[in-house]
Amino acid sequence: MSEEMLNELKQIGLKIGKNVDIMSETIIDRSHAFLIEIGDNVTLAHRVYILAHDASTKKQLGYTKIGRVKIGNNVFIGAQSIVLPNTTIGNHVIIGAGSVVSKNIPDNSVAVGNPAKVICSYEEYMAKNAEMMKNRKLFSQDYTLRNPNLTEEMKQEMIEATKDGFCYIV
């Protein structure tokens, strides 16, 4: 999301905390941005969609439903997830890619799916990954596209390391 668009949303009333990363093609409901609050240390991955309105009732009833969206602190929302109106995502939460948040997600949770359901606690998820990291290849930032010297050999090393499961990169 461009800085210009983000500033426009803030002028409309979007409340947004510190250290928020909003990846490309993310959409935040412009028409009701003043109903949306995003906490500190939040990542909205590519193509996340945050809606504060639901026009499914407009033609039949003449009114569109609206509802607040509150995203807590230390939240990661995975790529192509949708956050629907009248929902709260607590603090220390991970929403898996492609999830649809249609109900509140409590603090310290990992939720996935359509509709998003809690599958474990935040602590359990982090502990499991910390344990997995002990036996998996860890790659430095030199192995990212930010490194202009990323070689074909380095790419091949990552391909080989991920043949039998996850690896980790800074």
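The values are calculated or read from the model by the stated rules, or taken from the named source; none is laboratory data. This one's a predicted model, so the numbers in the text were calculated from it and none came from an experiment. All Cβ positions, even for glycine, are placed from backbone atoms using ideal geometry, and neighbour counts span all protein chains on display.
Brief remarks on what is shown
- Residue list for the range 133-158, restricted to those being assigned to a helix (DSSP H, G or I) and surrounded by 13 or more Cβ atoms within 10 Å (Cβ to Cβ): 133, 142, 143, 154, 157, 158
- Among the candidates 79, 130, 161, residue that is of a type in the set (A, V, I, L, M), outside the structural domain of residue 24 (by TED's automatic domain parsing) and either buried (at least 16 other Cβ atoms within 10 Å of the Cβ) or closer than 23 Å to residue 54 by Cβ (or both): 161
- Tally, over the range 52-111, of residues that are free of Cβ contacts under 8 Å to residues at least 24 places away in the same chain and of a type in the set (Lys, Arg): 4
- Test set (1) touching a His at 6+ places or on another chain (Cβ under 6 Å); (2) in a loop (DSSP other than H, G, I, E, B) - residue 63 fails condition number: (1)
- Filter result (surrounded by fewer than 14 Cβ atoms within 10 Å (Cβ to Cβ) and among the charged types (D, E, K, R)) within the range 16-38: 18, 21, 25, 30
- Test result for residue 107, under 23 Å from residue 13 (Cα atoms), modelled with pLDDT of 95 or more and assigned to a loop (DSSP other than H, G, I, E, B): no
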